């Protein structure tokens, strides 16, 4: 795993991708820090980070688009299937390589609250560093999502575009759910359609028609039986589920300077889930 880690990290610094990411990342945060904290005299660095969480939608696709897609395009992914190292170690090594590059950007960021504290008054460091922790975990979760999407295609452009759209939807999810009808029958129909989409995703991963049919039939039957027995359970059910999945809403407490342990577990779980799904996707290709 260490060899994969070093190889991936070296590729980022041997190409422009790593430097472009670091440059844009630090420039954006620097501009907002100057505008919010230094120029306007605002002592709350957590407010600054809360206002720029959207930049993950723009920068993470650039960072993750090549990590597996490039292997697929060059057909060097076949080496992954025959390597003496397990696929789990290979994917985890790739993920930690990206995470290391990402972590490099946080070294100067951790100094920003101290600079603001030196030149300002009533600057609270604890909320500032709580927001930095949440900001880092949010980035780690989005990187895992981008890694998974990169494993689905051979094109870096497609991986980048799909990652951008996916992350944009997760950040806008709380706004989208506010426009959905909340009555039981509408929510039940939407859940039934969403279940079919989930079944198709699992079919793409496992390529097994029998499993697809069983999942679809059993799931749809359960959804409608529950609706017939107690329809009130579906009132705002999908809305609540989608709000739970919204990445940006979990960062709200951090942006207020609150160290929310539930959100920490949530972001770590999202990162673990999508790294695991990436491993399963690569394993499926091995056996095809």
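What follows is calculated from the coordinates using simple rules that are stated; it is not laboratory data. None of these values were measured; they are calculated from a predicted model. Counting neighbours? That spans all protein chains shown, and the Cβs are built from the backbone with ideal geometry, glycine included.
Numerical summary
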{"item": "Bins of 10 Å from zero: percent of alpha-carbon pairs in the range 9-55", "result": "26, 40, 23, 11, 0"}
{"item": "Added length on full extension, which subtracts the Cα-Cα distance from 0.36 nm per residue, residue 154 to residue 110", "result": "12.2 nm"}
{"item": "Two-decimal ratio, the range 245-288, of alpha-carbon radius of gyration to 2.2 N^0.38 Å", "result": "1.61"}
{"item": "Expected 222 nm ellipticity per residue - DSSP helices of 4 or more, -39500 (n - 2.57), all of the chain, to 500", "result": "-25000 deg cm²/dmol"}
{"item": "Of every Cα-Cα pair in the range 183-235, the percent that sits beyond 19 Å", "result": "31"}
{"item": "Mean Cα-pair separation over length for the chain, i.e. relative contact order, pairs under 8 Å, 6 or more apart, %", "result": "28"}
{"item": "Likely footprinting exposure, 177, 33, 278, fewest C-beta neighbours within 10 Å first", "result": "177, 33, 278"}
{"item": "The range 181-288 shape via C-alpha gyration tensor axes, a/c threshold 1.5", "result": "oblate"}
{"item": "Residue 208-residue 161 FRET efficiency (beta carbon distance; Förster radius 25 Å; 0.05 resolution)", "result": "0.30"}
{"item": "The range 145-232: translational diffusion in µm²/s, Stokes-Einstein, Kirkwood Rh over Cα pairs, 37 °C, 0.692 mPa s", "result": "215"}
{"item": "For the chain, convex hull volume per residue from C-alpha positions, Å³", "result": "142"}
{"item": "Cα-Cα separations in the range 106-176 greater than 15 Å, expressed as whole percent", "result": "66"}
{"item": "Residues of the range 125-165 with amide N under 17 Å of a point placed 7 Å along Cα→Cβ from residue 54", "result": "164-165"}
